[in-house]
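Undergrad: Next up is a structure, given as structure tokens.
All of the numbers you see were taken from the coordinates with simple rules; none came from a lab. Please read all numbers here as calculations on a predicted model, not as lab measurements. Cβ placement follows ideal geometry from the backbone for every residue including glycine, while neighbour counts extend to all protein chains displayed.
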Amino acid sequence: MAAVLARHLYFSYGHDQVINNLSFEIRKGEYVGLIGQNGSGKSTVLKLLLGLLKPSRGMIELLGSPMNKFKKWDKIGYVPQRSGIFDKTFPATVEEIVAMGIVGRKKLFHTLDAQDQDDITEALGEVDLLPQRKKLITELSGGQQQRVLIARALAGKPEILFLDEPVVGIDTVVQRKFYDLLQHLNKDLGLTMLLVSHDLDIVAHEADYLMLMSEGEVCKCTKDMITKDKKRFTSFGHRH
């Protein structure tokens, strides 16, 4: 079953054509890397999949439903870049941030119940942050803050997880632990994942396969293809 399906997508910012006849499919349970340099169109693709932008032409389906009829947004988890999200005066605790991930499945003004609290605890356990649940988010390291954002997404019990450059600003040692966590979410919990990044070398070893973006087009490739002809695939993202 296709978790994400895009067919013949076009999108422009004014007269600037960013996405050109883009088609791809991500099947349920796959871990896919969307790779490209700045300006290649990968961030625009993510915004289209999240419903933040509408294509000028083409269609998108999520979990078998056309985007214009899709209602199960609680099944879609989103992990943004950490940079700039939390300033030094941000007052929320770790627990409160994670609770925000449940809001999408609650009716307006309904308070959290015992099941919601259990889901928050479970999500924090998955990212190994239970001891920090009462701390302010600003008291945590960059890597811990990013795990909080994953816990926020997990609390909503998603089936698809979109991640936008999640390791930006995180040191190499913490990055390794972060990618191990993503492997756990995919292999053990069965989450379908789309990881947006510019780092071909690392993501090629993590994802099931890659989609390389350049000038609004995509080239699908496997780990073996990259290993055999790395120069070709590295240059793909630098075309002008």
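Undergrad: What's the number of the only condition in (1) in contact (Cβ under 8 Å) with a residue 24 or more places away in the chain; (2) closer than 30 Å to SER40 by Cβ that ILE120 fails to meet?
TA: (2)
Undergrad: Residue pairs, Cβ under 6 Å, 6 or more apart or interchain, first in region 13-29 and in contact (Cβ under 8 Å) with a residue 12 or more places away in the chain and at negative phi, second assigned to a strand (DSSP E or B) and of a type in the set (S, T, N, Q). List them.
TA: LYS28/THR192
Undergrad: Additional query: If you scan region 1-30, which residues turn out to be hydrophobic (A, V, I, L, M, F, W, C) and part of a strand (DSSP E or B)?
TA: ALA2, ALA3, VAL4, LEU5, ALA6, LEU9, PHE11, VAL18, ILE19, LEU22, PHE24, ILE26
Undergrad: Could I ask something else about it? Mind checking whether some residue in region 43-60 is charged (D, E, K, R), within 27 Å of ALA123 (Cβ to Cβ) and in contact (Cβ under 8 Å) with a residue 24 or more places away in the chain?
TA: The initial filter retains those residues of region 43-60 that are charged (D, E, K, R), namely 47, 54, 57.
Add one more test, that the residue is within 27 Å of ALA123 (Cβ to Cβ), and what stays is 47.
Okay, now just the ones that are also in contact (Cβ under 8 Å) with a residue 24 or more places away in the chain, so none.
Among the residues of region 43-60, not one is charged (D, E, K, R), within 27 Å of ALA123 (Cβ to Cβ) and in contact (Cβ under 8 Å) with a residue 24 or more places away in the chain, which makes the answer no.
Undergrad: So, in region 141-184, of the ones that are among the small types (Gly, Ala, Ser) and assigned to a helix (DSSP H, G or I), which residue ends up nearest to GLY125 (Cα to Cα)?
TA: Among those residues, the one meeting the criterion is ALA151.
Undergrad: Among what's in region 10-25 and is surrounded by fewer than 14 Cβ atoms within 10 Å (Cβ to Cβ) and among the small types (Gly, Ala, Ser), pick the residue that is nearest to the chain's Cα centre (by Cα).
TA: Per the criteria, the residue is SER23.
Undergrad: I've got another one for you. Filter region 31-59 down to residues that are in contact with a Phe, Trp or Tyr (Cβ under 7 Å, 6 or more places away or on another chain), surrounded by fewer than 20 Cβ atoms within 10 Å (Cβ to Cβ) and part of a strand (DSSP E or B), then give me how many there are.
TA: Total meeting the criteria: 2.
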